[in-house]
Amino acid sequence: MIKLYVTIFLITAFIMLVCGVYISTKHTIKQNKLNISIMQLLAIGIFSCLTYSHAISTHLEISSEFGYAFYFMSIDWVLITFLFYARQYTRIWMDQYASALITATIAILDNVSLFFNYKWHHAFYLERKDIDGEWFYAFKINDYYVVHLVFCYILVAMIIMIFIQKSYLTSGFHRNRYLSILVIFVGIILLDVVYLFFDYPVDISICLYAIASIFISYYTLLYNPKTFVEYMLSTITERMECALISFDENNNCIYSNQQANRMFSPTGERKVIEERFKKWRDGKETNSISNTNWNAIYEFNGDEYRFDVHFNKIYDKRGFYCGCYFSFYDVTGDFLAYEEEKYRSTHDTLTGALNRESFYEEARNILDSNPDVEYVMVCANIKGFKLINDVFGVEKGDELLVRCADTIRDRMKQGSAFARLEADRFAVLIPKNRYSEELFMTGMNQISHSMDNSQYRMVILCGVYDIFDREAPVVAMCDGAFLAIDSIKDSFKNAIAYYGDMLRREYMSEQKILAEFETALQTGQFAMFLQPVVTVDGRTTMCEALVRWIHPDRGIVAPPSFIPLLEKTGYIYKLDQYIWEQAARRLAYWSSLDHDELSISVNISVKDFYYMDIYDTLVSLVEKYKIEPSRLKLEITESVFMTEKERQIDIMASLKEYGFLIEIDDFGSGYSSLNMLKEVPADILKMDMAFLAMDKNINRGRKIVNTMVTLAKALGMMVIIEGVENEDQMNYLKGTGADYLQGYFFNKPLPVKKFEELYL
Ligand code: C2E
Ligand code: CA
Ligand code: CA
């Protein structure tokens, strides 16, 4: 019988060992302190099993006595670690460090006393006992044992209190884990009481250690209450902003969260949801796929909402279908923000019309996707809009733009595109059969009347481009319409102009010139002509280089037909560089013939300043051809100083310092400013007769010429007067003090060879 008990106790110890090994292999789960306290508890528990087993199985008295002593000692430590574990696990009485110290001290004293029991037997003594004919050493208590007992029951009471308090305080989901441990603990204690006080031969409470250690390990480290997890998940899903609806395998709605009810079934009736989704799910082919998502729009209380819908099927571990759920994420906010952003990037915020880029894109789309419809591009422009802003204020200007936009919008229908390209420039692409002059004219009149007052009469100009080349870039169509506007820009009343044959021809010829330009330059079609510039006493010491295009089909083409276009597009710098080089080469050639007295003036365009390094180009030219820089005179017009004045003046100054002479060309033609004469370090002032009104008002013109010559002289500049066409003019000019004269009277621009024949 004793052997049976011992075997049971050893099995108990083994089970505890298994628990310990299991925990140590899974020690990452949950808090470490708790793990450690459980491991300690198990270790001491195993120790008490072994010592007790030894005490009852040995027939050596002293050995059995020590067995019991160690067993009682271990009970102290089992209870102390249990208390420590209970506090860790329940988080109750966590900050009682002092009491821990006291209990440990008492336990140590009790242990010492128990250890020396073999000497005085003050706590217990041994007695032989029989069970079923077998004898073993049982123990009998002495007086001192009470101390040990009281100490142990105080610990027991504390442990029980902790668990009762925790079971009471915790929610229903967690209560059973604390109660289970409490019950098993109380069970152990009761069996122990039976053993001690009712004379049961062996301490069978030890058997319960195994169950206790399994409970403790399981509840403390592994247990996750299912109901709690369910409750937690349903709390989360209830509060979720996304609507959730789940169906079982028979398509019955088994769950819908608050949000879903709010959206689809305000009365909370699941049948409503089932009906609604049965149809809808069928439409989405959810039968064959396990998960998918799509976008949907629903209307609630008259407002439209957008949802990102996810559909998922759920399968069990063996792969059997058990149900499905839908989740609906409200993406209305994101959608609206995206729409707004898109709108803002494609529209003009003031008028709500398309902006330039998106108009070009939209117009292209319309043209491409309606190949059978004929279109016109109508562009509008308010005359002197800047003035409106200045005189009436920006607010009034904005109001006007909005009114223009609204009027245009009213007049167009589906299939048209409308934009504010910039400031006061509008563009509309509409089908030809919907355009009528009357339609636009009444609109324009309406707007300008609303603005008219005694000081100001508003004029709107419209240009219409009949799209005959629909492959052309939209920007070119707008250009065409604005070109038409340019042709009527002097109008004082609202007007519509058409990009007609004339404009079209002009446009075509411009395109042709640009297309031909590069080849013409490379094949030497541009020639330098020279026009003599003579001194008042008739000597030719200077000439001006003027370009001519010797066109294979059109013959000699004069600069006004191509220079302005080349200037507009920036290509002029290539031509100028070419002519400058011709001039430099000619000067070098003349030097070789001992004609160092002759110089050439070349023209410099405003655009040259932006497309190349003028200083470098000119300096390298004179160095390459080894000529005096003062023989290559530079003609610039006042307009050069209209923008970035400081920079251009700096460039002029460095050229002058290098030795070039600078002429101000066409002085008096533009916005001449006397201030400019002061600031720009020019050497020669060149005036054109044509600008001096010499024909209409001869006397006034002459006075101006006289004064200007005197002024230039006073500033230390030489004076050239160009455009001299007859003897009268020449005779008069000789007396003004001007240094040089140039004009058809002396000679027109001549081919270089001809010039050399006459003047070298
Ligand atoms: P500009 O620099 O003022 O050149 C003088 C223009 O007046 C030349 O016209 C010349 O032929 C013309 N002219 C000369 N004498 C008389 C006269 O007695 N009466 C009248 N009515 N006109 C006279 P052109 O050669 O047709 O050149 C026109 C403009 O083209 C030039 O005006 C100049 O601004 C520009 N240009 C010509 N060649 C070049 C060039 O190589 N480079 C640059 N950037 N511009 C050039
Ligand atoms: Ca010139
Ligand atoms: Ca000139």
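Roughly what would the spin-label model give for R457 and K489, points 7 Å off Cα along C-beta, in nm?
It works out to 2.1 nm between the two label points.
Could you give the semi-axes, largest first, of the ellipsoid that matches the chain, computed as the square roots of 5 times the alpha carbon gyration tensor eigenvalues and rounded to whole Å?
The answer is 112, 40, 24 Å, longest axis first.
Over the Cα atoms of the stretch 2-232, each weighted equally, I'd like the Debye log10 I(q)/I(0) at q = 0.09, 0.13, 0.16 Å⁻¹, rounded to two decimals.
Result of the Debye calculation: -0.39, -0.80, -1.16.
What fraction of the DSSP beta bridges in the chain is antiparallel, stated in percent and rounded to the nearest 5?
Around 75 percent of the beta bridges assigned by DSSP in the chain are antiparallel ones.
Once you have the Cα-Cα distance between W93 and E61, take 0.36 nm times their residue separation minus that, and quote the gain in nm to one decimal.
7.2 nm
Filter the chymotrypsin sites (Phe, Trp or Tyr not before Pro) in the stretch 486-553 to those in DSSP coil with at most 11 other Cβ atoms within 10 Å of their Cβ, and list the result.
Answer by residue number: F492.
Measuring from a point 7 Å past the Cα of N433 along Cα-to-C-beta, which residues in the stretch 368-395 have an amide N at less than 15 Å?
Only 370-376 pass the distance filter.
Cα axis of helix 394-411 to longest principal axis of the chain: angle in degrees, 0 to 90, nearest 10?
90 degrees
In whole Å, what are the extents of the stretch 515-759 along the principal axes defined by its C-alpha atoms, from largest to smallest?
Computed over the stretch 515-759, the largest-to-smallest principal extents equal 49, 42, 37 Å.
To two decimal places, what compactness ratio does the stretch 240-335 give when its Cα radius of gyration is scaled by 2.2 N^0.38 Å?
Cα-based Rg divided by the globular estimate yields 1.07.
Which FRET efficiency value, to the nearest 0.05, do you get for Y343 and E757 by plugging their Cβ-Cβ distance into 1/(1 + (r/R0)^6) with R0 = 60 Å?
FRET efficiency, Y343 to E757: 0.25.
Between L17 and L179, what is the spin-label point distance in nm, taking each point 7 Å from the Cα along the Cα→C-beta axis?
The answer from the label model is 3.6 nm.
So how long is each side of the stretch 1-92 along the principal axes, counting just the alpha-carbon atoms, biggest first, in Å?
Principal-axis extents of the Cα atoms in the stretch 1-92, largest first: 45, 23, 16 Å.
Just in the stretch 60-132: which GluC sites (Glu not before Pro) are loop by DSSP and have at most 12 other Cβ atoms within 10 Å?
Passing sites in the stretch 60-132 do not exist.
If I fit a long axis through the Cα atoms of helix 145-169 and take the longest principal axis of the Cα atoms of the chain, what angle between them do I get, 0 to 90°, rounded to 10?
40 degrees
Filter the chymotrypsin sites (Phe, Trp or Tyr not before Pro) in the stretch 654-759 down to the DSSP loop ones having no more than 10 other Cβ atoms within 10 Å, then list what survives.
Hits after loop and neighbour filter: Y671.
With only alpha-carbon atoms in the gyration tensor, what are the semi-axes of the equivalent ellipsoid for the stretch 227-280, in Å, largest first?
Sorted largest first and rounded, they come to 20, 14, 8 Å.
So if I take the alpha carbon set of the stretch 268-386, get Rg, then get Rh from the Kirkwood formula, what is the Rg over Rh ratio?
Result for the stretch 268-386 is an Rg/Rh of 1.22.
How big is the antiparallel share of DSSP beta bridges in the stretch 515-759, given as a percent to the nearest 5?
Antiparallel bridges make up about 45 percent of those DSSP assigns within the stretch 515-759.
Quick check: residue separation of K713 and N675 times 0.36 nm, minus the Cα distance between them. What number comes out in nm?
Values: separation 38, 0.36 × 38 = 13.68 nm, distance 1.58 nm.
Between K713 and N675, full extension yields 12.1 nm more.
Label C242 and E623 with points 7 Å out from Cα along Cα→Cβ: what is the distance between them in nm?
Between C242 and E623, the label points sit 7.2 nm apart.
If you take the alpha carbon radius of gyration of the stretch 351-499 and divide it by 2.2 N^0.38 Å, what ratio comes out, to two decimals?
Its radius of gyration relative to the 2.2 N^0.38 Å reference: 1.00.
To the nearest 10 degrees, how steeply does helix 61-90 sit against the main Cα axis of the chain, on a 0 to 90 scale?
40 degrees
Which aspartates and glutamates, if any, have their Cα less than 13 Å from the Cα of K568, not counting same-chain residues under 8 positions apart?
E510, D608
R0 = 45 Å: FRET efficiency of I108 with S234, Cβ-based, nearest 0.05?
0.30
Using only alpha-carbon positions, what ratio does the radius of gyration of the stretch 607-712 give when scaled by 2.2 N^0.38 Å?
1.20
Values quoted throughout were computed directly from the atomic coordinates according to the rules given, and no laboratory measurement underlies them. Model, not experiment: these values are computed from the prediction. Glycine gets a Cβ as well: all are built from the backbone with ideal geometry, and neighbour counts include every protein chain shown.
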